[in-house]
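The values are calculated or read from the model by the stated rules, or taken from the named source; none is laboratory data. From a predicted model like this one, the values you see are computed outputs, not experimental measurements. All Cβ positions, glycine included, derive from the backbone under ideal geometry; neighbour counts span all protein chains shown.
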Amino acid sequence: MELKTPLYEAHVKAGGKIVPFGGYLLPVQYGAGVIKEHMAVRTQAGLFDVSHMGEILCEGKDALANLQMILTNNFDNMVDGQARYSPMCNENGGTVDDLIVYKKADEHYFIVVNAANKDKDYQWMLNHQFGEVTFTDVSEQYAQLALQGPKAMEILKKLTAEENIPKKYYHAVFDTEVAGIPCIISKTGYTGEDGVELYLDSSQAEKMWDVLLENGKEEGLIPCGLGARDTLRMEAAMPLYGHEMDDEVTPLETGLGFAVKMAKEDFIGKAALEEKGEPKIKRIGLKVTGRGIIREHQDVFVDGQKIGHTTSGTHCPYLGYPIAMALVDAAYTEVGTKVSVEVRGRQVEAEVVALPFYKRSK
Amino acid sequence: MELREGLLYSKSHEWVKEEDGVAIIGLTDFAQSELGDLVFVNLPEEGDEVTVGEAFADVESVKAVSDVYSPVSGTVSEVNEELLDAPESINEAPYDAWFVKVTDITDKEELLTAEEYQAFVESEQE
């Protein structure tokens, strides 16, 4: 039985095509279609319901020590309101999930995790907690909306005072408001575009959704579904749990070394990562040079020899060509390497390119 | 859902127009709307044999790939290569964006009229 986000009725009313995802019923697209929604976010603005994401509080005297041990990134130098991305590893160095930690204040942290992993993550934290700390799953209380695109900030500024908006990327303002509705404003996103994510009480979600769409009309704001969310994150080469990483794949293999602080005294998975040493497989970007679209779980070859498999792939609406990401033998990751990918029995030619595929101009 | 009079429809959502022993085949408006924005098309070649109920082409949206099934058996006499460069024309005008013309027809599945097809789609959605 799939759950509904507080915005389910609003999606149906807006013409959303509803599919099950991560345990929730969510719109894969609205009437405009995936390509128009994708382009709206690249050129104007899009609004996403991401209320399916999980939120967990980590509080107490030993909150920081727990985060330092359970997660791979370093959190001991954060200012209040700052956000930090981190993988969470198992003892073998594989990835339990990837998540974002916000420091609300000393001893008060707000963690955002993937919908499909929420229960697993919460259980993992409870199983590994120590000292004076409390982990609380508050997912049901929170709705999350993502307002993304070059016009996102313009729209937001109509609805809240300038000082309520975080100045820097990966910073948030807690206990603030948009259009009089209490919320957290976070300058983060999963599209490769400028924008914010808003966390608010579930009961206020529909009100916020409507007020944003109403006030963003002029700027071309439209509601966007999971389809565009996926093509946007792929174009920006952002990894997705269950695709570019899983319980087996380590964060180092999938290119998240920047968020794995091996210099930290200890964290779960550190010993295994040390023992594995330099990763033998790596995540690469592929641009299709032949005819066809590469999808996930397809074998990648160099000179007839299998070197790995794809983890995500699609036609990129903004770039205008098909791309894929793959985990392959580290010996074949140089930009320009020619590969072929088996797509339903047919070989499609592709070439290793630098990641990300798309980077916005500032 | 748009339908066009004078065409026949298959339960796998292809349309067929028969003219002087030639079957022109495409995807219905319902099919294109279910598939979403199409970005890639794979077509057979002139001279290829097609068989009733078997895939002769595939179409891909940003999200997924789907087969296109032949409602007739016969030989491909002409391929609409314009679709290769403009798969979006299937979304824009599904009844003009034909895929192939088939001649030497030896077999044909039972096809539906516009009215019957509409009833079929509605019953499937229930």
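Worth a mention:
- So residue A:326, is it of a type outside the set (Lys, Arg), within 30 Å of residue A:72 (Cα to Cα) and in contact with a Ser or Thr (Cβ under 8 Å, 6 or more places away or on another chain): yes
- Taking the criterion of being of a type in the set (Lys, Arg) and assigned to a loop (DSSP other than H, G, I, E, B), no residue of the stretch A:119-136 qualifies.
- Flag for residue A:94 being in the same structural domain as residue A:193 (by TED's automatic domain parsing) and small (Gly, Ala, Ser): no
- Top-ranked residue in the stretch A:30-41 [being touching a Leu at 6+ places or on another chain (Cβ under 8 Å) and not β-branched (Val, Ile, Thr); ranked as nearest to the other protein chains (Cβ to nearest Cβ)]: A:38
- Number of residues in the stretch A:119-160 that are within 28 Å of residue A:61 (Cβ to Cβ), in contact (Cβ under 8 Å) with a residue 60 or more places away in the chain and buried (at least 18 other Cβ atoms within 10 Å of the Cβ): the value is 9.
- From the list A:138, A:196, the lone residue that is of a type in the set (Val, Ile, Thr), touching a helix residue (DSSP H, G or I) at 6+ places or on another chain (Cβ under 7 Å) and either over 27 Å from residue A:231 (Cα atoms) or at pLDDT 95 or above (or both) is A:196.
- For the stretch A:210-221, a residue qualifies if it is surrounded by fewer than 22 Cβ atoms within 10 Å (Cβ to Cβ) and either in contact (Cβ under 8 Å) with a residue 12 or more places away in the chain or within 14 Å of another protein chain (Cβ to nearest Cβ) (or both), and the qualifying residues are A:210, A:211, A:213, A:215, A:219, A:220.
- Qualifying residue in the stretch A:71-78 (condition: among the hydrophobic types (A, V, I, L, M, F, W, C), surrounded by 23 or more Cβ atoms within 10 Å (Cβ to Cβ) and either assigned to a strand (DSSP E or B) or at pLDDT 95 or above (or both)): yes
- Top-ranked residue in the stretch A:326-357 [being in a loop (DSSP other than H, G, I, E, B) and closer than 20 Å to residue B:63 by Cβ; ranked as nearest to the chain's Cα centre (by Cα)]: A:357
- Selected residue (criterion: surrounded by the fewest Cβ atoms within 10 Å (Cβ to Cβ)) from residues of the stretch B:51-71 that are within 13 Å of chain A (Cβ to nearest Cβ) and not in a strand (DSSP E or B): B:64
- Restricting the stretch A:285-325 to residues that are basic (Lys, Arg) and more than 12 Å from every other protein chain (Cβ to nearest Cβ), the residue that is farthest from the chain's Cα centre (by Cα): A:306
- Test for residue A:169: is it among the hydroxyl-bearing types (Ser, Thr, Tyr), surrounded by fewer than 17 Cβ atoms within 10 Å (Cβ to Cβ) and either at pLDDT 95 or above or not assigned by TED's automatic domain parsing to the domain that holds residue A:213 (or both): yes
- Wholly within the stretch B:72-125, helices (runs of 4 or more DSSP H) carrying at least 2 residues that are surrounded by 14 or more Cβ atoms within 10 Å (Cβ to Cβ): B:88-92, B:114-125
- When each of B:68, B:72, B:39 is tested for being at pLDDT below 95 and hydrophobic (A, V, I, L, M, F, W, C), the lone residue that passes is B:39.
- Exclusive hit being modelled with pLDDT under 95 and within 19 Å of the chain's Cα centre (by Cα), set A:116, A:83: A:116
- Test: residue in the stretch B:75-86 that is within 14 Å of chain A (Cβ to nearest Cβ), among the β-branched types (Val, Ile, Thr) and touching a Lys or Arg at 6+ places or on another chain (Cβ under 8 Å): no
So that you can scan it fast, the table gives a plain yes or no per residue for (1) part of a strand (DSSP E or B); (2) in contact (Cβ under 8 Å) with a residue 60 or more places away in the chain; (3) within 14 Å of chain B (Cβ to nearest Cβ); (4) surrounded by fewer than 19 Cβ atoms within 10 Å (Cβ to Cβ):
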site: A:15; (1), (2), (3), (4): no, no, yes, yes
site: A:18; (1), (2), (3), (4): yes, no, yes, yes
site: A:51; (1), (2), (3), (4): no, yes, no, no
site: A:56; (1), (2), (3), (4): yes, yes, no, no
site: A:84; (1), (2), (3), (4): yes, yes, no, no
site: A:91; (1), (2), (3), (4): no, yes, no, yes
site: A:117; (1), (2), (3), (4): no, yes, no, no
